[in-house]
Structure formats: C-alpha cells, structure tokens
1. Just checking, how many residues over segment B:161-192 are under 19 Å from B:GLY34 (Cα atoms), touching a Lys or Arg at 6+ places or on another chain (Cβ under 9 Å) and either surrounded by 16 or more Cβ atoms within 10 Å (Cβ to Cβ) or charged (D, E, K, R) (or both)?
2. Can you work out which of the residues in segment B:203-221 that are of a type in the set (Gly, Ala, Ser) and either under 19 Å from the mean Cα position of the chain (by Cα) or within 20 Å of B:ASN36 (Cα to Cα) (or both) is surrounded by the most Cβ atoms within 10 Å (Cβ to Cβ)?
3. Go through segment A:237-285 and give me each residue that's outside any helix (DSSP H, G or I), in contact (Cβ under 8 Å) with a residue 60 or more places away in the chain and at negative phi.
4. Whether any residue in segment B:8-24 is exposed (fewer than 15 other Cβ atoms within 10 Å of the Cβ), more than 25 Å from B:ASN196 (Cα to Cα) and β-branched (Val, Ile, Thr) is what I want to check.
5. Can you name every residue in segment B:92-122 that is of a type in the set (Asp, Glu) and more than 10 Å from chain A (Cβ to nearest Cβ)?
6. Tally up the residues in segment A:17-54 that are in contact with a Phe, Trp or Tyr (Cβ under 8 Å, 6 or more places away or on another chain), part of a helix (DSSP H, G or I) and of a type in the set (S, T, N, Q), please.
7. Show me the strands (runs of 3 or more DSSP E) found entirely inside segment B:17-91 where at least 1 residues are within 13 Å of another protein chain (Cβ to nearest Cβ) and within 23 Å of B:ILE201 (Cα to Cα).
8. Report the residue count in segment A:209-247 for those that are under 20 Å from A:GLY54 (Cβ atoms) and of a type in the set (Phe, Trp, Tyr).
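Read the figures in this text as sums done on the coordinates, not as results from a lab. Keep in mind the model is a prediction, meaning the values are calculated, not measured. Backbone-built Cβ (ideal geometry, glycine too); neighbour counts: all protein chains shown.
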Amino acid sequence: MTEFLQQLINGLSLGAIYALIALGYTMVYGVLRFINFAHSDIFMVGAFAGYYLGHYLPAENLGCGLLILAGAMLICALLGMTIERLAYRPLRNRSKLNVLITAIGVSLLLENAGQFFFGAKSKAYPSLFPVHNFTSAGGIVLSSNQLAVFIVAILLLVGLQFIVLRTRIGTAMRAVSFNHIASSLVGINNDVVISFTFGLGSALAAAGGILYSVNYQAIDPLMGVLPGLKAFVAAVLGGIGNIPGAALGGLLLGVIETFVNGSRYSTYTDAIAFALLILILLFRPAGLLGKLQVEKV
Amino acid sequence: MLEVKNLTVNYGAITALRGVSLQVKQGDIVTLIGANGAGKTTTLRAISGLLKTAGGEVLYEGRNIANLPAHEIVKLGMSHVPEGRMVFANLTVLENLQMGAYLRRDKPAIRKEMDYVFGIFPRLQERLKQTAGTLSGGEQQMLAIGRALMSKPKFLMLDEPSLGIAPLLVKTIFEKIVEINREQGISILLVEQNANLALEISQYGYVLETGRIILQDRSLALRQNPQVKSAYLGGA
C-alpha cells in the first residue's frame, strides 16, 4: 500500500509536468489546428532560462525560486510569440503541411542553437527551491520539489481555466478556435489572439521545464524531445483542443508510466504507455474528453 | 452609405466578380439576388474585408475600405452576418452576444443593446446559458443577427438569412429585419435566394449573374419585370 501511494505521488508529479506541456500543444491546436512541434524545445529553453537565472540569485530560496520561475515563463512567452510571428504567421494561409514542416524546422533550430550556446553536455541543475523531504507515518516520502510541482501546476491550471472561461481574451480564444471568419467578423484581431495563445502556452511549457529540471536535476539541449512527445501524446489522449483533457491526459500518462517503471516490465515503459494510447484512441478516437465535432448547416 | 464601384475579385485564376457596382442609401434595405454561384456571397465578403479585391473601390461613408482587414471594418460600424450563420457553436448564447460587442467597452450601453436584441428575439433570452451549437437553425440565425447587432452597426449585411430554416421562422426573421431597419435606422444589404421575399421587404434590388450586375431597379419594378419573374420568382 505504501509503495502504491508512493508511486501514485511520483506519477502524479510527473504527470502534472506533462500536463503543463500538453496544454500548450492543445491550445495552439485549438486556435490554429496545427501541432507546434517546437513546443518541446520551448520547454527546454525554459529549463535553461531557469538554470542561467539561477546564477544570479541565491539557491534554495522559495521567493527567488518563484522569481526565477516567473522570469523563465516570461522569456519563453516572448520566445513563443516571436516564433509564431516570424515562422508561422507568414504561412497562415498556406497549406497546413507547410506550417507543420516549418515547426519541425524551428524545433531543430532550437535544439541545435541550444547545443551551440548552452553546450551539448548535460548540466547539473541547481536547487531552486528549498530542499526538504516530508515523510508520513507510513513512510511515504513527498519531496519539496514534488510539492512545488503540485502547487505550481494547480495554480497555473486554475489561472488558465479562469483566463479561458472568464475573461474577454479567453472567450475570444474560444471564438477564434471555433472559426476564424466568424471571429474576425465580430472585430477580433485573430493575429493578436493567436499570439497571446502562443505566449500563454509557452509560459506553461517554461514552468514545466523548470519543475521537471528541479526534480530530475540534469538538463541538456535535447531534454525536451521525449517529454515533449509524451505531452503531445497526453494532449491527444485527453482530446486535442480540449484544455481539461490535456491536463487529464498528462496526469494519466505520468501515473501509468511511473507504475510501469516500478514494475518488472520497466524496460517497456514507453512501449506500454504508447500501446495504451493506441488502445484508448481505438475506442475513443477523439480522445477521453474530446468530442467529434459535427457542424450544423 | 455604401458605394461599390467596379469591384473585381479573383479566386486564384478564376474571376468571381467582374466589375460589380452597387449602392446602398442611408436607411434603405437593398437586396442582391441571383442564382447559386453568381457571386452574391463573394460580393459581401469582399465588402466586409474577408476577401482581397483585385480591383475597384468599396466606398463606405465616403472612405475606400477595400482590402482593410475585416476586424478593422467592424470598427467603422459595418456588421456582416455570414452565410451559414457561423455562430460560435462552442460558446453559450450569452458569450456569443458578448463577443458581438467585442470592440465596445461601455458596459451599460452593451447591456441596453442586449435588451434590445432580447426584445426582438425573446427566444435568445430563454436560451442564454445554452451552447449555441445546441440551438435550432432558426435560433442560430436569430443569434447570428443578434450578435451582429451587438456591435451597434450603422450598416448590416445579411447573407441568406432564410437558408435551411423552417418557413414559419423565415417569416418571423424577415419581419424582424424590417423592424431593425425601421427602428434602429440601420441600412441593410441583403443577399437572398428567396427573391420573392427579398424584393418584398427591400426598396431597391440588383440582379447578379456570373459575377456581373445584369439588372437593377426599384424592388417593386423588379417584381414586375418579366425577365426576373421567369428566372427568379418561379415563373409567370
């Protein structure tokens, strides 16, 4: 039982990170119907932004840790918006395939630029938050970094939900995600909303990058590839374009992965996680919370 | 109010509009009739900025607005209810109306506008919290018109408001269009396949055929025109 709970905690904390990344995929898909493959590398840049900002502030300090988190989120928001402006917007009215290939190009560019500027070798990540292990009576351990993951992820999810459901720009995001023609006819500048969406998604990826790094303590310029892929899977699993779905998909994938990892089939962790994805999509092609859209004419 | 001069629109190599000219005077309802594929929707889309024009002018209150982006044109007091309604199916009725007032900040005035919309379409008020996708076709059309009114337009363009709607509701919706025109003084450009109905409520009409205006006259006269009668009004 103790082991089960322990694994559940580990799984949820990994899953919360997947969820944060998955949200960016799903939101961009919502407004543009395209998968931003460079998103996983924004996650990496977020981790590195935290690493370098960490040089200027004392380690193991809650206030400074949060400041670094906010700084990295801001940097990545700007990066995401810049990428959208320079690489994707000029292709807005071209075939979706062009943008998709461009996104893969941007992803490679970020990975290689990362190796050039940050160095290809893996770096030890500083402890941005105070380090402490909380141990329960039963022997379940919750590290302060895991706790940080939970708290930050929950706050960001609630904040995001508030923005999307209760604010003017959030409603505009949903309007744009429904139909670009209708949204421009009510006076919404689609470019502004799309840019905002990229900024928001990238900021969440940066938060994911930092939380991932403080838990795994090593970073390198290719670190985004696998978590990015899994977060993408999580987004599809939850129903691409669906925000609560992305969160659910992330958590589910994290938990499954952790449990398989803790079993004797650990060699097959990724294989099992992806097989499960295929299985779920066979029965629910639109994902767990996604709906197949039928348009009335 | 609106004067379109020699408007040309191309879809790639295909010319959809070949020099369309038309005029909507302040306070009038003007209709544009024609067969499928004549270019009616293209004309409206070019006026509201959804399509790039290849030539000609769109003078709105004396200013050439051709090729301005659609969201800028909305600011000038022009509202376009597109073909197929395009209500935000994933948003509630209330949110749809709020999005209609996207460019306005004055909350009390927006509230007044919404009350006016509920006055003409009480059905919308009953369905306020429902997502728009669950509405019937007629209700969606009411919502699309209501959403367009929320921007407090001076000029309204309606594209096939009768399309796919129960005949009884069509009558109601056309009565409301006249009411909006009279009470709010909103000038209207109406595109409609149901030429009978359109010529009944409008003052002036244009007949569009393969991208050209082939006929124009007062609506009353067009209804008597033998050519229009045989081609668009269902024979003798």
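1. The number of residues fulfilling the criteria is 4.
2. It comes out as B:GLY205.
3. Result: A:ILE240, A:ASN242.
4. yes
5. The initial filter retains those residues of segment B:92-122 that are of a type in the set (Asp, Glu), namely B:95, B:106, B:113, B:115.
The answer is B:ASP106, B:GLU113, B:ASP115.
6. 1
7. Those strands (runs of 3 or more DSSP E) span B:78-81.
8. Counting residues in segment A:209-247 that are under 20 Å from A:GLY54 (Cβ atoms) and of a type in the set (Phe, Trp, Tyr) gives 2.
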